[in-house]
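Readers should treat all values here as calculations from the given coordinates under stated rules, not as data from a laboratory. Since this is a predicted model, take the numbers as computed values, not measurements. Every residue, glycine among them, receives a Cβ derived from its backbone with ideal geometry; neighbour counts consider all protein chains shown.
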Amino acid sequence: MRYFFALFALVVVAVVSIAGFRGGFSRRPPIEIFSDMDRQPKVRPQTRNDFFADKSGSRPPIEGTIARTTPLKVGAASVYAFEEHAVNTGLVPGTTNFVELNPLPITAELMARGQERYQISCLPCHGPQGDGKGITTKYGMVVIGNLHDPRIARMPDGELFNTISHGKNLMQGYAANIAIPDRWAIIAYVRALQLSHLASLEEVPAEYRAALPQ
């Protein structure tokens with residue numbers, strides 16, 4: 001057994017002397033076991049390549065290629081998901097201030113989409129009315145935000161977007177589950193739920209007041 005430990009110690013010393021310690025510095029070139037991992041054949045963008053007839057290394061997309069991302073129309077602008085824009089962050093660009101209003105136009109289609117997405121992702125906890133009385137309260141989850149709370153009703157739309165995206169307290173973030181346009185659609189629907197509970201009679205259009213229960 002002692003020969004085994006002696007041999008093991010020699011192997012360790014040999015490996016350390018050849019490979020060195022992690023984070024150590026040496027003027028000698030590193031040992032490359034698989035050199036192709038360091039030097040791979042590739043074409044750099046905007047460089048000449050004699051393989052192609054036009055001598056251009058950068059090639060146009062193959063016909064039928066599907067883009068990894070498509071821009072979102074915000075007014076006259078086309079915004080990609082990687083851009084620092086209010087629709088992507090909920091913030092005024094270049095600041096840490098939340099945008100006050102939803103950057104997407106509020107349409108019947110957006111509201112319908114928001115209702116659908118709310119019922120899928122939000123209703124189990126916040127309930128159909130947004131009052132925090134969803135089905136999860138029957139299983140011991142009691143700390144759920146009431147969306148009609150004045151504090152939440154006064155939040156800028158950008159702050160609601162931030163909460164949906166990154167979560168808050170016990171609520172997880174839904175950025176990976178809910179697309180950016182759908183998050184804004186949910187916010188539009190939440191505002192409608194809040195108006196249905198918190199609006200005054202004077203805020204209801206005159207032609208609809210008669211239909212309200214007395």
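Brief remarks on what is shown
- Taking 7 Å steps out from each Cα toward its Cβ at Thr96 and Ala77 produces label points 2.2 nm apart.
- On the principal axes of its alpha carbon atoms, the chain extends 94, 64, 33 Å, with the longest extent given first.
- Summed over qualifying helices (DSSP H, 4 residues or more, each -39500 (n - 2.57)) and divided by its residue number, the chain shows a 222 nm mean residue ellipticity of -10500 deg cm²/dmol.
- The modelled label-to-label distance between Val43 and Leu170, using points 7 Å beyond Cα along the C-beta direction, is 5.6 nm.
- Applying 1/(1 + (r/R0)^6) with R0 = 41 Å to the Cβ-Cβ distance of Leu195 and Arg68 gives a FRET efficiency near 0.60.
- Ignoring lysines fewer than eight residues from Lys55 along the same chain, the ones with Cα atoms less than 21 angstrom from its Cα are Lys42.
- Arg28 versus Ala210: modelled label distance in nm, points set 7 Å from Cα along the beta carbon direction: 9.6
- Förster-model FRET efficiency, 25 Å R0, Glu203 and Gln119, C-beta, rounded to 0.05: 0.50
- Legend: helices of the chain (whole DSSP H runs) are marked when their alpha-carbon atoms reach 18 angstrom or more along the helix axis and their mean Kyte-Doolittle hydropathy is at least -0.5; marked are 2-19, 180-198.
- One quarter of the surface of the convex hull around the alpha-carbon atoms of segment 1-82 equals 13.4 nm², the direction-averaged projected area.
- Extension gain, Asp50 back to Glu109 (0.36 nm per residue minus Cα-Cα distance, nm): 16.1 nm
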